[in-house]
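Have a look at the structure below, then the notes.
The values are calculated or read from the model by the stated rules, or taken from the named source; none is laboratory data. The structure presented is a predicted model; accordingly, all values stated were derived computationally and were not measured. Cβ coordinates were reconstructed from backbone atoms using ideal geometry, including for glycine residues, and neighbour counts include every protein chain displayed.
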Amino acid sequence: MSGKCALISGISGQDGAWLAQLLLTKGYRVYGTSRDADLARFGNLQRLGIRDQVTCLSLQQTDFRSVLHVLEQVEPDEIYNLAGQSSVGLSFEQPLETLESIAYGTLNLLEALRFTKSRAKLYNAASSECFGETSAENPADERSSFAPRSPYGIAKATAFWSVANYRDAYGLNAASGILFNHESPLRPERFVTRKVVKAACAIAAGSDQKLHLGDLGVVRDWGWAPEYVDAMWRMLQAEQPRDYVIATGRSHSLEQFVAAVFAAVGRDWRDHVESDPRLRRATDLRASHADPNRAARELGWQATTDFATMVERLVCAEQSGRD
C-alpha cells in the first residue's frame, strides 16, 4: 500500500469518482473538492460505495486564497486537476464561466504550487477538443498543433499551455493528459452518450418518445472511463513529467453509436431517432482521431475495452437502474 495522499479537484464528476476508487485500492488517503462540500451530494462517490472513504473539502478554484488554504491543509503528494465546466455544448452558452473555471482555476493551482514551493506532482485534465479537426490519415498525437473550435477547447488549450509553462519555467512536476472521449454510467444526462442510452432504454420499456439529436455524422474516439483514470495515475508515477494523448486509437460515428445502443435493446434506431438542426453547435468537430502510442510505449497503458463492450456496459447499467 502506498500511504500517499492525493487531492482530486472536481471529485464529484465522472472521472473524479473513478479516480478516487482507483486510488483507494492503491492505499492512498484521498481528499476531494467541490465548490461547497457541505451542500454537494457527491452522488457518484455514493454510487461507487466510497463516499465515506473520501474526505471532501470546499474549494473555489478561481479564488487563489481558497486554493492556497486547501493545499496547506492537505499537503498532498499528488494533485489531480479535474475541476471546471465540463460540457462542450454548454461552453457555447457560458463561455466566460468555462474559461474562468478551467483556465483561471488551473493557473491559480499552478501559482499556489509555485508560491508554496510544494513538491506535489500535478496531473491536469486536458482534452481532445484542443486539437480541433483531425483525420484518420493524420490522427492527433503529442506533437500535433492545437486548433480548438469551442470555448471549452480554447479554455482547455489555455490550461494546457499554462501547465507546460510552469513546468519549464519553475520546474514544477506537472503534466497534462489529453484525453479523448471516455464514457461510463456516471456521465450526466446532458452528455450525448448518456442521452442516447437513456432514451433507447425508455423506448425499449414502452415509451413512445422520439430521440432528437444533432449531427449524426460526427466521429469520435470513445473509450471506457475507468481505464482512463489509470492512465492519469500512471502519468504521475513516471520519473519525468510529460504530456500524453489518452485514447483508444479507434473512432466511430455518432450514428454507429446510436445504432449499436438501439440494437442492444432490440430496436431499429431509424424508427425512433430524428436529426434536429437546432441541436447542432455553431462550430463542431466533424471528426476526432487519436494516436495514443506514446502512452503505450512509455506508460504501458492502452485501452482494452472495445466499442461494442462499452456500449453493452452502458446499456446494462441503464437497464439495471430502471429495474
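Table: residues versus (1) touching a strand residue (DSSP E or B) at 6+ places or on another chain (Cβ under 6 Å); (2) within 24 Å of A308 (Cβ to Cβ); (3) outside the structural domain of T134 (by TED's automatic domain parsing).
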| position | (1), (2), (3) |
| --- | --- |
| M232 | yes, no, no |
| E239 | no, no, no |
| V273 | yes, yes, yes |
| R286 | no, yes, yes |
| E298 | no, no, yes |
### Query
A303 versus (1) in a helix (DSSP H, G or I); (2) buried (at least 16 other Cβ atoms within 10 Å of the Cβ); (3) not assigned by TED's automatic domain parsing to the domain that holds W161: which is the lone unmet condition?
(1)
### Query
Among S127, S87, S91, which is among the hydroxyl-bearing types (S, T, Y), surrounded by 16 or more Cβ atoms within 10 Å (Cβ to Cβ) and at pLDDT below 95?
S91
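Taking helices (runs of 4 or more DSSP H) that fall entirely within region 1-118, which contain at least 3 residues that are under 25 Å from H182 (Cβ atoms), free of Cβ contacts under 8 Å to residues at least 24 places away in the same chain and within 15 Å of the chain's Cα centre (by Cα)?
Details: elements: 14-25, 43-47, 64-74, 88-93, 95-99, 105-116.
No helices (runs of 4 or more DSSP H) qualify here.
Can you tell me how many residues in region 145-184 are of a type in the set (D, E) and over 23 Å from Q14 (Cβ atoms)?
Within region 145-184, the subset of a type in the set (D, E) is 168, 183.
So of that shortlist, the ones also over 23 Å from Q14 (Cβ atoms) come out as 168.
Residues meeting the conditions: 1.
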### Task
Determine whether G177 is in the same structural domain as Q21 (by TED's automatic domain parsing), buried (at least 20 other Cβ atoms within 10 Å of the Cβ) and part of a strand (DSSP E or B).
yes
### Query
Looking at (1) surrounded by fewer than 19 Cβ atoms within 10 Å (Cβ to Cβ); (2) in contact (Cβ under 8 Å) with a residue 12 or more places away in the chain, can you tell me which one Q240 breaks?
(2)
### Summary
Checked region 232-254 for anything within 24 Å of C201 (Cα to Cα) and in contact with a helix residue (DSSP H, G or I) (Cβ under 8 Å, 6 or more places away or on another chain); matches are H252, L254
